[in-house]
Amino acid sequence: MQERQKTPFDWQQDCQFELLIDGTQFFPRILQYIADAQRSIDIEMYLVTSGAATQQLVAALGAAAQRGVAVRCLFDANGSGGFIAAERETLRESGVELRLYNPITWFGGVGNLHRDHRKLLLFDQGIACVGGLGFTDAFCIEDENQQTPWHEQLLVVRGEIVADWQRLFEQSWRQANRPQRKVLDSLAHKHATAALPEPRPGLGRVVYSASRNNRDLLLSLVNRIRHAQTRVWLSTPYFVPPRALRIALIHAARRGIDVRLQVCGNFTDLPGVRYAGQIYYADLLRAGVRIFEYQPRFSHLKSALVDQWVTLGSCNFDHWTLHWNLEANQSALDPALVETVQHCFEQDFSQSTELKRQAWLQLPMHYRLEIWFWGRVKRLADLFLSFY
């Protein structure tokens, strides 16, 4: 057992978890929680784009505020650029307190790159919802195939751990008008890690990052991978990992651990990022990492399953995200949640195409050129990060 260290958030007992898959499940649930709220609703969200989903959301939040519920919305100023002014004004007129995180200014310089990428909903300080969702039609509204165009998860959390999520929200709410470039309070302990207890029902911990101020999210994942005994399954829509994560995956595979990486296939909102991450595929495949490309639609899942430890939430575990963004995940050692997440992975693997090393080495020249070009763009971005 590791020596216990001071951490931003410790492991909590008696947590209750419920995993909802895709907006067809979680968006109606969110609207129901809003309708049922009696005292408070707090929402922290990166991506908000006007459409059918936001029309329902604005109406529901406005109705809650009108009946006396204290409603606060913290939307990222960049991510909510598609949230039209009329809907913002409707929220405010109904009594909702709306703040935009780190408003972009002409003189903001690199400070404009600091973004709030967390996705957190809190109801009556008793229910927390975390995941990788956004308030857009692609996440929340089903299409003609009766599914959402983007594949995503939402974790509903209850128990004393909700107080930790509330504390994290309060910090972001207070600091909405300025990016977190320095350690601002006791929440941000750089390089803090938590001891790992034995798995048991109801065990969970809030992990987060505050741009460069806290690397608990990355360290918790890398440490788990380094000590993995049986499996490392990782799902991310944008695989452009920091070196520590990439090396940990390779070393785990070489030790004989079942290492699987699930990424998006041809359905993606950022093709350049997809190509950039593929510069690492040859080394990963050579080491024995299995790579699966999800085929039915865009997979936006951000989750990891290492032995009996699971983490999921807003973090893509990429270099840029961990350098600039506010992120937050729910980690757990709860056997029932682990079993559910394992089943979800297995379902997604069955709907994916596995890349084989021999086929990868025989890629056509035009595809190789795409990878080469975007790989160079990524290296320039990494060089830029080294100066800030």
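Each value in this text was obtained by applying a stated rule to the coordinates, not by laboratory testing. Fair warning: this is a prediction, and the values are worked out from it, not measured in the lab. Reconstructed Cβ throughout: ideal geometry from the backbone, glycine too, with neighbour counts over all protein chains shown.
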Query raised in the report: Residue by residue, what Karplus-based ³J(HN,Hα) values in Hz, rounded to whole numbers, does region 74-90 have, using 6.51, -1.76 and 1.60 with θ = phi - 60° and x for Gly and Pro?
Result: 10, 10, 5, 5, 7, x, 9, x, x, 8, 5, 4, 4, 6, 4, 5, 4
Query raised in the report: Given a cut-off of under 8 Å on Cα pairs at least six residues apart, what relative contact order in percent is computed for the chain?
Result: 19
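Roughly how compact is region 204-388, stated as its Cα Rg over 2.2 N^0.38 Å to two decimals?
Details: Rg = 15.8 Å, N = 185, 2.2 N^0.38 = 16.0 Å.
Expressed relative to 2.2 N^0.38 Å, the Cα Rg reads 0.99.
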Query - DSSP-defined antiparallel bridges as percent of all bridges, region 204-388, nearest 5 - result: 70
Report task. Pull up all non-local amide H partners of ASP258: gap of 5 or more, or a different chain, and H-to-H distance under 5 Å with H placed in the peptide plane. Result -> ARG231, VAL232
Query raised in the report: Among PRO296, PRO364, PRO149, which one moves the most in a GNM of the chain with springs linking Cα atoms closer than 10 Å?
Result: PRO364
Report summary line: Taking R0 as 30 Å and r as the Cβ-Cβ distance between HIS251 and GLU18, the FRET efficiency 1/(1 + (r/R0)^6), rounded to the nearest 0.05, comes to 0.30
Query raised in the report: Looking only at PHE345, PHE75, PHE317, which one moves most when the chain is put into a Gaussian network model with springs between Cα atoms under 10 Å?
Result: PHE345
Query raised in the report: For region 271-338 and region 236-264, what is the separation of their Cα centres, given in Å?
Result: 8
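Give the order of SER40, SER209, SER172, SER331 when sorted by the count of other beta carbons within 10 angstrom, beginning with the fewest. Walk me through the numbers before you get to the answer.
Numbers: SER40 16, SER209 28, SER172 22, SER331 25.
Ascending Cβ contact count within 10 Å gives the list SER40, SER172, SER331, SER209.
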Query - Residue-averaged 222 nm ellipticity for the chain, from DSSP H runs of 4+ at -39500 (n - 2.57), nearest 500 - result: -11000 deg cm²/dmol
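Please quote Rg/Rh for region 318-388 to two decimal places, taking the Kirkwood radius as Rh and restricting both calculations to Cα atoms.
Numbers: Rg = 18.4 Å, Rh = 16.4 Å.
Value, to two decimals: 1.12.
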Report summary line: For SER299, other-chain or 5+-apart residues with amide H closer than 5 Å (H placed, Pro excluded) are HIS151, GLY265
Requested in this report: Provide the per-residue ³J(HN,Hα) series for region 337-351, in order, calculated from phi with Karplus coefficients 6.51, -1.76, 1.60 and θ = phi - 60°, each as a whole number of Hz, with x at glycine and proline positions.
Outcome: 5, 4, 5, 5, 5, 4, 4, 5, 4, 4, 4, 6, 4, 5, 9
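To the nearest whole percent, what portion of all C-alpha pairs in the chain is separated by more than 31 angstrom?
Values: 25859 of 75078 pairs.
Value for the chain (Cα pairs over 31 Å): 34 percent.
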Report summary line: For region 368-376, in residue order, the Karplus 3J(HN,Hα) values (coefficients 6.51, -1.76, 1.60; θ = phi - 60°; whole Hz; Gly and Pro = x) are 4, 5, 4, 4, 4, 4, 6, x, 5
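Give me the percent of DSSP beta bridges within the chain that run antiparallel, rounded to the nearest 5. Mind showing how you got there, number by number?
Details: 43 of 70 bridges.
DSSP beta bridges in the chain are roughly 60 percent antiparallel.
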Report summary line: Whole-Å distance linking the alpha carbon centroid of region 62-116 with that of region 8-25 is 25
Query raised in the report: Using modelled amide H (1.01 Å from N, peptide plane; none on Pro or chain starts), what sits under 5 Å from the amide H of GLY126, excluding residues fewer than 5 places away?
Result: none
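Estimate the FRET efficiency between ARG167 and GLN295 by the formula 1/(1 + (r/R0)^6), using the beta-carbon distance for r and 41 Å for R0, to the nearest 0.05.
Working: r = 40 Å, r/R0 = 0.98.
It comes to 0.55.
Can you compute the charge dipole magnitude of region 343-388 about its Cα centre, using +1 on each Lys and Arg Cβ and -1 on each Asp and Glu Cβ, nothing else charged? Give it in debye, rounded to the nearest 20.
340
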